[in-house]
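The values are calculated or read from the model by the stated rules, or taken from the named source; none is laboratory data. Because the structure is predicted, anything quoted here is derived from the model rather than measured. With ideal geometry, Cβ positions are generated from the backbone for all residues, glycine too; neighbour counts draw on all protein chains shown.
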Amino acid sequence: KLSRIACILADSSDRRGGAFGRGGFGAVMGSKNLKGILVYGTRDVELADLDRLREYLKERMKQLKEATRNLTMYGTLRYTKLLYELGAYPIMNFTRTSVEEGLIEKLSAEAMRDEYLVRDVACYRCPIACGKVLSVRSGRWSGYKTKVEYETLWSFGPQCGVFEYNVVITANALAEEYGLDAMSAGYTIGFAMELYEKGIIDSEFTGGLDLRFGNGEAEIELLKLMGKRRGLGEIFADGAYRASERIGKNSIKYVMHVKKQEFAAYEPRAFYGIGLSYATSSRGACHNVGGWTIRDELLKPKLDRFAVKGKGRLVKSIQDVRAYIDSLALCTIPRRLLGLTDDPDPAIVNYVTGVEFSGKELIIAGERVYNLERLILNREGITRKNDSLPERILYEPLPDGLAKGHRITPEMFNQMLDEYYEVRGWNSEGVVTKEKMRELNIP
């Protein structure tokens, strides 16, 4: 169907699997009439120093299991309650961060494990097994089964004003069936619901679909229409930004996006660094590539969540670390216990590859990756004007929660962005300089 929010699924029945979810890579495959890629290996993976690698991992395996036991028990769904209690969990298209007592508990990790869990699943030989396969066990959607993550619980749940696991599980399973990025698809439905409640679109526009927040049945129906590109679904099948272009009526102001990609499940007005991460991410509004500041601002804070100074340096550091981690094709969950931080111990990399990397060389590799990505973006016309945040984040204070009254004013945002460009060695317009290219040995 060439949806701009189509994804590439990598899955199997006995392992955790996942998706290349963001950025519309599924549409790229579709444009080439490429349905899938099957890989089957017959040779052993060669390792430079297997004995030392085994010894290294043996020493850390017990620590790893102990440090990640909550993830083994609850997966990434454990973060829902944490972020909610910190006032950093966006609800109903970033209009609020709190709901009536008892609602968020319906989506707790404990409820997931007690009532919906089918089994824990892991990536190949991973001891953590953070994947959680859930199923609908009764009612009209009985039988739907899928792996649900923190982000997709949010996108099909509170983003749409829905606090029912059965709806989330069903929507997540359908998104996989249609090959849609579950984050963008759920976000887009929540965006449509806000437009409906504000009267920007009405029942005539929706074909009679009652798109009020909290209507799980309407959510499922719109998702099906999006997956099939039929009727109302044709308008929303390419994500919220492009839907707003078709709808008009200044609906763009209700799209929480950067560079046309929808926000993830973190409220920037509750901790400012994630706003800068969204704005400067190479692929638009991404909490992973852009920099997961949650640990350093909320969970084990190094900087005050509402501080402005220091956020540019923080985000740059996290982005570079993530870039070298991704280049190693490693999950971020075990990386700290493997010494792969902002001050890396390269031992495991060296045992695998036989190349004697230093920690500094890994950080520089990450910085090179991020600068190469930026050079491509600069070539395509992406500069400071595109490293921005929506009006809601800049001008509307949060109405509730621990961060009530906070917003990232334009002045605050520009101060963070100026610092970020400075530590990156880019010019004031966000363009990679010749000096930075020479420093990083980029031709």
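Could you please find all residues in the stretch 291-335 being hydroxyl-bearing (Ser, Thr, Tyr) and touching a His at 6+ places or on another chain (Cβ under 9 Å)? Please lay out each step first, then the result.
Filtering the stretch 291-335 for residues hydroxyl-bearing (Ser, Thr, Tyr) gives 293, 317, 324, 327, 332.
Residue satisfying the conditions is Thr293 alone.
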What's the number of the only condition in (1) touching a residue at least 24 places away in the same chain (Cβ under 8 Å); (2) touching a Phe, Trp or Tyr at 6+ places or on another chain (Cβ under 9 Å); (3) under 20 Å from Gly216 (Cβ atoms) that Gly139 fails to meet?
(2)
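Looking at Arg54, Arg60, Arg4, which is the one that is modelled with pLDDT of 95 or more and assigned to a helix (DSSP H, G or I)?
Numbers: Arg60 fails: modelled with pLDDT of 95 or more; Arg4 fails: assigned to a helix (DSSP H, G or I).
Step by step, each of Arg54, Arg60, Arg4 is checked, and only Arg54 is modelled with pLDDT of 95 or more and assigned to a helix (DSSP H, G or I).
With out of contact with any Phe, Trp or Tyr (no Cβ under 7 Å at 6 or more places or on another chain), at pLDDT below 90 and among the aliphatic types (A, V, I, L, M) as the only criterion, which of Ala27, Ala19 stands out? Steps first, please.
Details: Ala27 fails: at pLDDT below 90.
Going through Ala27, Ala19 in turn, just one is out of contact with any Phe, Trp or Tyr (no Cβ under 7 Å at 6 or more places or on another chain), at pLDDT below 90 and among the aliphatic types (A, V, I, L, M): Ala19.
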When you look at Gly30, is it closer than 22 Å to Asn172 by Cα and assigned to a loop (DSSP other than H, G, I, E, B), yes or no?
no
Which of the following residues is touching a Leu at 6+ places or on another chain (Cβ under 8 Å), over 30 Å from Phe163 (Cα atoms), surrounded by 15 or more Cβ atoms within 10 Å (Cβ to Cβ) and not hydroxyl-bearing (Ser, Thr, Tyr): Leu64, Leu77?
Leu64
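Counting only residues that are among the hydroxyl-bearing types (Ser, Thr, Tyr) and within 16 Å of Pro268 (Cβ to Cβ), which one in the stretch 387-439 is surrounded by the fewest Cβ atoms within 10 Å (Cβ to Cβ)? Give the steps one after another, and end with the answer.
Taking the stretch 387-439 first, the residues among the hydroxyl-bearing types (Ser, Thr, Tyr) are 388, 395, 409, 420-421, 428, 433.
Narrowing the set further to residues that are within 16 Å of Pro268 (Cβ to Cβ) leaves 388, 395, 409, 420.
Details: Ser388: 17, Tyr395: 12, Thr409: 14, Tyr420: 23.
Among those that are among the hydroxyl-bearing types (Ser, Thr, Tyr) and within 16 Å of Pro268 (Cβ to Cβ), it is Tyr395.
Looking at Leu47, Leu38, which is the one that is touching a residue at least 40 places away in the same chain (Cβ under 8 Å) and not in a helix (DSSP H, G or I)? Please lay out each step first, then the result.
On the way: Leu38 fails: touching a residue at least 40 places away in the same chain (Cβ under 8 Å).
Just one listed residue meets the conditions, Leu47.
Only one residue in Val136, Val99, Val162, Val121 is aliphatic (A, V, I, L, M) and either within 16 Å of Gly17 (Cβ to Cβ) or at pLDDT below 95 (or both), so which one is that?
Details: Val136 fails: either within 16 Å of Gly17 (Cβ to Cβ) or at pLDDT below 95 (or both); Val99 fails: either within 16 Å of Gly17 (Cβ to Cβ) or at pLDDT below 95 (or both); Val162 fails: either within 16 Å of Gly17 (Cβ to Cβ) or at pLDDT below 95 (or both).
Going through Val136, Val99, Val162, Val121 in turn, just one is aliphatic (A, V, I, L, M) and either within 16 Å of Gly17 (Cβ to Cβ) or at pLDDT below 95 (or both): Val121.
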Listed by first then second residue, the pairs whose first member lies in the stretch 86-97 and is farther than 20 Å from Asp296 by Cβ and in contact (Cβ under 8 Å) with a residue 40 or more places away in the chain, whose partner is among the polar types (S, T, N, Q) and in a loop (DSSP other than H, G, I, E, B), with beta carbons under 9 Å and at least 6 positions apart or on separate chains, are Ile91/Thr97; Ile91/Ser98
Any residue in the stretch 423-443 that's closer than 15 Å to Glu373 by Cβ and among the basic types (Lys, Arg): show its pairings with residues that are at pLDDT 95 or above and part of a strand (DSSP E or B) at Cβ separation under 9 Å, as long as the two are six or more apart or on different chains.
Arg424/Val432; Lys436/Trp426
When you scan the stretch 198-206, do you find a residue that is surrounded by fewer than 23 Cβ atoms within 10 Å (Cβ to Cβ), in contact with a Lys or Arg (Cβ under 9 Å, 6 or more places away or on another chain) and not hydrophobic (A, V, I, L, M, F, W, C), even just one?
no
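Please find, among Ser281, Ser317, the residue that is over 12 Å from the mean Cα position of the chain (by Cα) and either at positive phi or without any contact (Cβ under 8 Å) to a residue 40 or more places away in the chain (or both). Walk me through it before giving the result.
On the way: Ser281 fails: over 12 Å from the mean Cα position of the chain (by Cα).
Criteria check complete, one pass: Ser317.
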Being under 30 Å from Pro410 (Cβ atoms) and surrounded by fewer than 20 Cβ atoms within 10 Å (Cβ to Cβ) is the requirement here; does Arg335 meet it?
no
Which ones in the stretch 405-435 are farther than 30 Å from Gly87 by Cα and of a type in the set (Ser, Thr, Tyr)?
Ser428, Thr433
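If we scan the stretch 95-109, do we find a residue that is at negative phi and either in a strand (DSSP E or B) or crowded, with 24+ Cβ neighbours inside 10 Å (or both)?
The first filter runs over the stretch 95-109 and keeps only residues at negative phi, leaving 95-101, 103-109.
Subsequent filtering for residues that are either in a strand (DSSP E or B) or crowded, with 24+ Cβ neighbours inside 10 Å (or both) retains 96-97.
Taking every residue of the stretch 95-109 in turn, at least one turns out to be at negative phi and either in a strand (DSSP E or B) or crowded, with 24+ Cβ neighbours inside 10 Å (or both).
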Would you call Leu330 at pLDDT below 95, surrounded by fewer than 19 Cβ atoms within 10 Å (Cβ to Cβ), in contact with a Leu (Cβ under 8 Å, 6 or more places away or on another chain) and of a type outside the set (Phe, Trp, Tyr)?
yes
Number of the condition not met by Tyr150 [criteria: (1) surrounded by 24 or more Cβ atoms within 10 Å (Cβ to Cβ); (2) more than 25 Å from Gly36 (Cα to Cα)]
(1)
The conditions are (1) touching a strand residue (DSSP E or B) at 6+ places or on another chain (Cβ under 9 Å); (2) surrounded by 14 or more Cβ atoms within 10 Å (Cβ to Cβ); (3) of a type in the set (A, V, I, L, M), and Ile442 fails exactly one of them. Which is it?
(2)
Is it the case that the stretch 224-234 has a residue that's closer than 27 Å to Ile104 by Cβ and either modelled with pLDDT under 95 or surrounded by 21 or more Cβ atoms within 10 Å (Cβ to Cβ) (or both)?
yes
Restricted to the stretch 338-353, and to residues that are touching a residue at least 24 places away in the same chain (Cβ under 8 Å) and within 21 Å of Ala48 (Cα to Cα), which residue is surrounded by the fewest Cβ atoms within 10 Å (Cβ to Cβ)?
Thr353
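The rows are residues; the columns are (1) of a type in the set (D, E, K, R); (2) more than 23 Å from the chain's Cα centre (by Cα); (3) on the phi < 0 side of the Ramachandran plot.
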| position | (1), (2), (3) |
| --- | --- |
| Leu328 | no, no, yes |
| Leu337 | no, no, yes |
| Ala347 | no, yes, yes |
| Glu361 | yes, yes, yes |
| Glu367 | yes, no, yes |
| Glu373 | yes, no, yes |
| Asn386 | no, no, yes |
